[in-house]
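Asks: Below is the structure I would like to discuss, written out as structure tokens.
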Amino acid sequence: MSVKRTKYLKKYKEIDAPGLDAINERELEIYGNQEATHIATAIPYEMGGKDPLWAVEYFKSEEQTTHLHYVTLGYTNLFYDAECADDQINGFGFEITFRHLPVAGDSEKPLWAAAFLQNIAKYVWKYQNAFDEYHYMSAGGPFRPKTASDITAFVFSIDSEFEELDTPHGHLKFLQLFGITTQEYQDIEDKKYTAKELVERHKKTNPLLITDLFRK
């Protein structure tokens, strides 16, 4: 038995959630005592539920401009699992974050972004494809149902606040999803510029990469 696993067994009990606690500590560093809005999966995926993620949370941020900041919970190992004590990478190796400007007509607790993030998780679970920085993908349409939006694809970069994290179950990156237009997606496909170049260009005027669903 490894030293890491021995320490893990001494420190944690089966009722503990070492991975989740590590993420919560990072949230606390950034948002202090603000309580996250927690959107839990009704039926766990392993029990036949349709949504792979354990939950999606969001915070209200005033950094740069007022926006909502979502964090997924479930791409990594959240709960007690001594088998993960020696892992270098935690689960898929990432959790996804997503920032978007408030949308007129949204309820006080908008659910569309959580549903959108769960749909991405379904893709990851189905194909076992992990994302990484500067990966990009078409969403197949607008992020928000019944919304006239040219933001139909996305690219990933490291969340500038959450960054990366070492947990008792290994390392993870907080990959921030940034919405891009249909034309920007096609330009990357046509190699007019790279996903990294596009991200760096947007960061000049939008450092936190907050998605505006109505950007052209």
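Values in this text are rule-based calculations from the coordinates and carry no lab data. Owing to the predicted nature of the structure, the values given are computational and were not obtained by experimental measurement. Note: ideal-geometry Cβ built from the backbone for every residue, glycine included; neighbour counts use all protein chains shown.
Asks: Could you give the length gained on full extension between residue 5 and residue 200, defined as 0.36 nm per residue of separation minus the Cα-Cα distance, in nm? Walk me through the numbers before you get to the answer.
Replies: On the way: separation 195, 0.36 × 195 = 70.20 nm, distance 4.04 nm.
Roughly 66.2 nm would be gained on extension.
Asks: Also, quick follow-up: Could you pull out the GluC sites (Glu not before Pro) across the stretch 1-100 that fall in loop regions by DSSP (anything but H, G, I, E, B) with no more than 16 other Cβ atoms inside 10 Å?
Replies: Working: sites: 14, 25, 27, 29, 35, 46, 57, 62, 63, 83, 95; in loops: 14, 35, 62, 63.
Passing sites in the stretch 1-100 are 14, 35, 62, 63.
Asks: How high is the relative contact order of the stretch 3-203, given as a whole-number percent (alpha carbon pairs under 8 Å, six or more residues apart)? Don't skip to the end; give the middle numbers.
Replies: Details: 337 pairs, mean separation 40.2, N = 201.
In percent, rounded to a whole number, it is 20.
Asks: Restrict the search to the stretch 119-169; then list the trypsin sites (Lys or Arg not before Pro) that DSSP places in a loop and that have at most 13 other Cβ atoms within 10 Å of their Cβ. Intermediate values should be presented prior to the final figure.
Replies: Values: sites: 122, 126, 146; in loops: 146.
Within the stretch 119-169, the qualifying trypsin sites (Lys or Arg not before Pro) (loop, at most 13 other Cβ atoms within 10 Å) are 146.
Asks: Over 23 Å between C-alpha atoms is what I'm after, so list which of 126/203; 50/196; 109/203; 60/109; 60/196 land there.
Replies: On the way: 126/203 32 Å; 50/196 33 Å; 109/203 28 Å; 60/109 11 Å; 60/196 27 Å.
Those over the limit are 126/203; 50/196; 109/203; 60/196.
Asks: To make sure I understand, if each residue's beta carbon is the centre and we count other beta carbons within 10 Å, what order do 111, 78 fall in, fewest to most?
Replies: In order of increasing Cβ crowding within 10 Å: 111, 78.
Asks: Oh, and also: For 101, 198, 9, 53, which order do you get if you count the other beta carbons within 10 Å of each Cβ and list the fewest first?
Replies: On the way: 101 15, 198 21, 9 12, 53 24.
By the 10 Å Cβ count, ascending, the order reads 9, 101, 198, 53.
Asks: Over all alpha-carbon pairs in the stretch 3-203, figure out the percentage whose distance exceeds 31 Å.
Replies: Working: 3861 of 20100 pairs.
Beyond 31 Å sits 19 percent of the P(r) for the stretch 3-203.
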